[in-house]
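The values are calculated or read from the model by the stated rules, or taken from the named source; none is laboratory data. For clarity, every value in this text was computed on a predicted model and none was experimentally measured. Cβ coordinates were reconstructed from backbone atoms using ideal geometry, including for glycine residues, and neighbour counts include every protein chain displayed. These area figures cover heavy atoms from the full protein model, side chains too; ligands, DNA and RNA do not enter into them. Shrake-Rupley method; radii C 1.70, N 1.55, O 1.52, S 1.80 Å.
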Amino acid sequence: HYRVLFEKMIRWYQMGTADWSDEETLVGVRSIDELYEYFCLYKLIDGLEKSGFHRKDKAMSEALERSQIPEISMPKHRYAFKRGRTCLTLYYEKEIWSPKHGASERDRFFNVEGWIWDSYRRKGANAKRVPDYIFEFSADRGGPDESEKRILAIFDAKYSPADIVFFEKLPVLVMRYVHGISRKDGGISPVVSLYLLHPKEMNHGTHSPVR
């Protein structure tokens with residue numbers, strides 16, 4: 001379902017045209033920002049597979065996507081990959097709650113940001129952070145699952161010009177994700193990198209899908 005949408009977006013960026021006559025393709029898409037998020041999600045998945053990571057549930061997921069049932073073929077929120085002894089879990093819109101929220105008991109990481117840039121965002125027990133994409137890396141050592149061995153790389157999709165992404169979006173997201181996410185047992189931040197994905201303007205005035 002969304003693989004079809006992904007292919008249409010590629011053609012849209014490359015040639016400026018795409019056939020949107022099949023309205024089922026757009027079921028559930030509410031904005032261009034959300035459309036760009038889905039596009040970046042599939043670009044990340046393709047990039048991981050091209051770099052040698054094998055998706056554990058790929059066959060089953062492709063069968064569900066071919067079912068053309070919107071509720072089933074919507075993007076998943078968790079994708080598991082492995083390359084050698086390196087395990088990688090890609091989370092899409094994973095919620096990271098404050099320590100006082102009940103849902104945080106089941107997770108390895110907390111939202112601990114005390115300084116809130118946006119006045120409309122919730123504070124206290126119901127405060128949460130929802131990065132667009134999280135790469136959670138761990139090593140398959142055959143031993144106990146210890147959270148201190150896991151590190152995070154965070155990606156956020158911004159359908160905005162490069163100067164706005166760099167000067168306005170980046171400082172906010174550094175505070176929100178790099179300094180605002182902690183392990184349960186404290187210590188150094190588990191977030192080792194933050195990437196903002198945005199359209200890249202080419203010399204001839206057109207746009208490349210992702211930079």
Enumeration of residues in region 167-180 that are of a type outside the set (A, V, I, L, M) and either outside any helix (DSSP H, G or I) or touching a residue at least 24 places away in the same chain (Cβ under 8 Å) (or both) = LYS169, ARG176, TYR177, HIS179, GLY180
Could you tell me whether any residue of region 87-102 is β-branched (Val, Ile, Thr), at pLDDT 65 or above and open to solvent by 50 Å² or more (accessible area, probe 1.4 Å)?
-> no
Quick one: what pairs do we get from region 37-60, first residue within 10 Å of PHE81 (Cβ to Cβ) and among the aliphatic types (A, V, I, L, M), second open to solvent by less than 40 Å² (accessible area, probe 1.4 Å) and at pLDDT below 90, C-beta under 9 Å, 6+ apart or different chains?
-> none
Just for region 148-177: of the residues that are of a type in the set (D, E, K, R) and surrounded by 14 or more Cβ atoms within 10 Å (Cβ to Cβ), which one is farthest from LEU35 (Cα to Cα)?
-> ARG150
